[in-house]
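Written below as structure tokens is the structure these notes are about.
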Amino acid sequence: MNILVINAGSSSLKYQLIDIVTEKVIAKGLCERVGSKDSFHKHGIDEDEVVIDTFLPDHKAAIEVVLRSLVEGPRAPIHSVSEIDAVGHRIVQGGAYFNQSVVITPDVKDKILELAELAPLHNLSALQGIKACEEVLPDRLQVAVFDTAFFQTLPPKAYMYPIPYELYQKYGIRKYGAHGTSHRYIASRAAELLGEPLSELKMITCHLGNGCSVSAIDHGVAVDTSMGLTPLDGLMMGTRSGAIDPAIVPFLMDHEGLSTQDVSDLLNKQSGLLGISGISNDMRTVQEAAQEGNERALLAYDMYANSVKKYIGQYMAVMAGVDVIVLTGGIGENSSIIRRLIFAGMQPMGIVVDSSKNEQRGFERLISHDKSKVRIIVVPTNEELMIARDTYALVHKSSQIVPYKG
Ligand code: AMP
């Protein structure tokens, strides 16, 4: 049974076709710059990849190109689109409506549209992706998997902001979190690798990529997370500031004459590693500059590691301890320097990194020292697999699907 996983961004569309029985990716690719004249389509696995310049005026055109590449040409993994059994869509904002993945109905689409106010670029592109798939694959089940759903278990004391309560009632201003599919995957995978039930562990999961977030997962239940109403809150990121004193916003508007859009751009696109280093939002580039002695680059990565360290401390306090810390994302998986800085000096809290294991490259691995009370584990995330699994589970429950019979 093949599940097509679609992750539609504002001008991009990523996809994977996953054989859910073996959980193998049988095709993947990406459409970039959708809507612009220089759009292109990348299709293939690892080295066996082709890049085709092709005009993609909208997401429907992108879906059509994707489906064609799945059934035509030397890299086509299937013969006909009828071999696609269902489609799973990544949706960034599910608000308080969705605490789990759901089959897409007209009502679900209305809610995704309504919630676009909280994630305008993402939810509207996802809707375009859904509509395009519905047109091209009208008889296939479409499933929505929300980044926020995993955090619907947060207690009110964690998700409410200390601003007038009426604003929560009027606008739904509260913490929703983000990256939930990733946190859910790495938590369950870490438990599986350790051979212990998730329901018996206190975990802190760190998704450290271009966007960054940390979550507290107490006996399998998410109890806090660093991203908030939007993915701007929490940790310092590539171009996002993360949490700052909110008084900085009116100060900048007054003193720099910034509009709401300007200040939003400044905090979302010009801050974080980029804003401090003045060099790049990319950790590799910042690290290289720091190694050459660039002081602002050094400051940027010191601040970055410190912001992760502080969240780990907070969440240890929230859960009265931690058994396992899980790291993922481009930085969490690859940067031994950042990992060393995050955990430096935490020995009194029972957290000790094994320096030689920390330097090793590879995939899923334990990097804590044998004498560390807290296990630290690196687990590459796999949101697409999680989306495919959820889609498959809903397909099973539904009678609408007619599985392909080879
Ligand atoms: P992601 O969004 O998960 O793809 O992560 C992107 C971030 O991971 C960027 O800041 C990259 O610079 C960073 N990254 C990827 N590989 C490395 C590496 N080997 N060392 C340090 N940072 C890395």
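The values are calculated or read from the model by the stated rules, or taken from the named source; none is laboratory data. Bear in mind the structure is a predicted one, so any value in this text is a computation, not a measurement. Virtual Cβ from ideal backbone geometry, glycine too; neighbours counted across all protein chains shown. With ligands, DNA and RNA removed, areas are computed over all heavy atoms of the protein, side chains included. Shrake-Rupley method; radii C 1.70, N 1.55, O 1.52, S 1.80 Å.
Of all residues in segment 365-383, those that are in contact (Cβ under 8 Å) with a residue 40 or more places away in the chain and closer than 20 Å to Thr181 by Cα have Cβ atoms under 9 Å from Cβ atoms of residues that are surrounded by fewer than 20 Cβ atoms within 10 Å (Cβ to Cβ) and small (Gly, Ala, Ser), 6 or more apart or on another chain, in Val378/Gly362; Thr381/Gly209.
Of Asn2, Asn7, all but one fail to be crowded, with 18+ Cβ neighbours inside 10 Å and modelled with pLDDT of 95 or more; the exception is Asn2. The selection criterion, being assigned to a strand (DSSP E or B) and either polar (S, T, N, Q) or at pLDDT 90 or above (or both), does not hold for Gly95. Hey, any hits in segment 73-88 for a residue that's assigned to a strand (DSSP E or B), open to solvent by 20 Å² or more (accessible area, probe 1.4 Å) and not hydrophobic (A, V, I, L, M, F, W, C)? The answer is no, given that none of the residues of segment 73-88 is assigned to a strand (DSSP E or B), open to solvent by 20 Å² or more (accessible area, probe 1.4 Å) and not hydrophobic (A, V, I, L, M, F, W, C). Name the single residue that is farthest from Thr225 (Cα to Cα) among those in segment 262-279 being free of Cβ contacts under 8 Å to residues at least 12 places away in the same chain and under 24 Å from the mean Cα position of the chain (by Cα). If we take residues in segment 262-279 being free of Cβ contacts under 8 Å to residues at least 12 places away in the same chain and under 24 Å from the mean Cα position of the chain (by Cα), then Asp265 is farthest from Thr225 (Cα to Cα).
The set of residues in segment 186-204 being within 11 Å of Thr381 (Cβ to Cβ) and open to solvent by 40 Å² or more (accessible area, probe 1.4 Å) consists of Arg189 alone.
Checked against the criteria, Leu118 counts as touching a residue at least 60 places away in the same chain (Cβ under 8 Å) and surrounded by fewer than 23 Cβ atoms within 10 Å (Cβ to Cβ).
Suppose we keep only residues that are closer than 20 Å to Leu229 by Cα and open to solvent by less than 60 Å² (accessible area, probe 1.4 Å) within segment 244-253. Which one would you say is nearest to the chain's Cα centre (by Cα)? Within segment 244-253, the match that is nearest to the chain's Cα centre (by Cα) is Val249.
Looking across segment 259-285, the residues that are assigned to a loop (DSSP other than H, G, I, E, B) and more than 10 Å from the ligand (Cβ to nearest atom) come down to Ser259, Gln270, Ser271, Gly278, Ile279. Restricting Glu292, Glu288, Glu256 to residues that are loosely packed, with under 14 Cβ neighbours inside 10 Å, within 16 Å of the ligand (Cβ to nearest atom) and modelled with pLDDT of 95 or more narrows the list to Glu292. Of the residues making up segment 328-336, at least one is within 16 Å of the ligand (Cβ to nearest atom), open to solvent by 50 Å² or more (accessible area, probe 1.4 Å), assigned to a helix (DSSP H, G or I) and at negative phi.
Of all residues in segment 249-258, those that are assigned to a helix (DSSP H, G or I) and free of Cβ contacts under 8 Å to residues at least 12 places away in the same chain total 6. Of all residues assigned to segment 306-325, none qualifies as being in a helix (DSSP H, G or I), open to solvent by 40 Å² or more (accessible area, probe 1.4 Å) and within 16 Å of the ligand (Cβ to nearest atom). Applying the condition of being surrounded by fewer than 17 Cβ atoms within 10 Å (Cβ to Cβ) and part of a loop (DSSP other than H, G, I, E, B) to segment 337-348 and asking which residue is nearest to the ligand (Cβ to nearest atom) yields Ala344.
Hand me the list of strands (runs of 3 or more DSSP E) wholly inside segment 1-70 holding 1 or more residues that are in contact with a helix residue (DSSP H, G or I) (Cβ under 6 Å, 6 or more places away or on another chain). Break it down into steps so the answer makes sense when it comes.
On the way: elements: 2-8, 13-19, 24-32, 40-45, 48-53.
Answer list for segment 1-70: 2-8, 13-19, 24-32, 40-45.
Here is the figure for segment 131-185: residues that are in a helix (DSSP H, G or I) and either surrounded by fewer than 19 Cβ atoms within 10 Å (Cβ to Cβ) or modelled with pLDDT under 95 (or both) total 17.
Of all residues in segment 41-57, none are more than 20 Å from the chain's Cα centre (by Cα), buried (at least 22 other Cβ atoms within 10 Å of the Cβ) and at pLDDT below 90.
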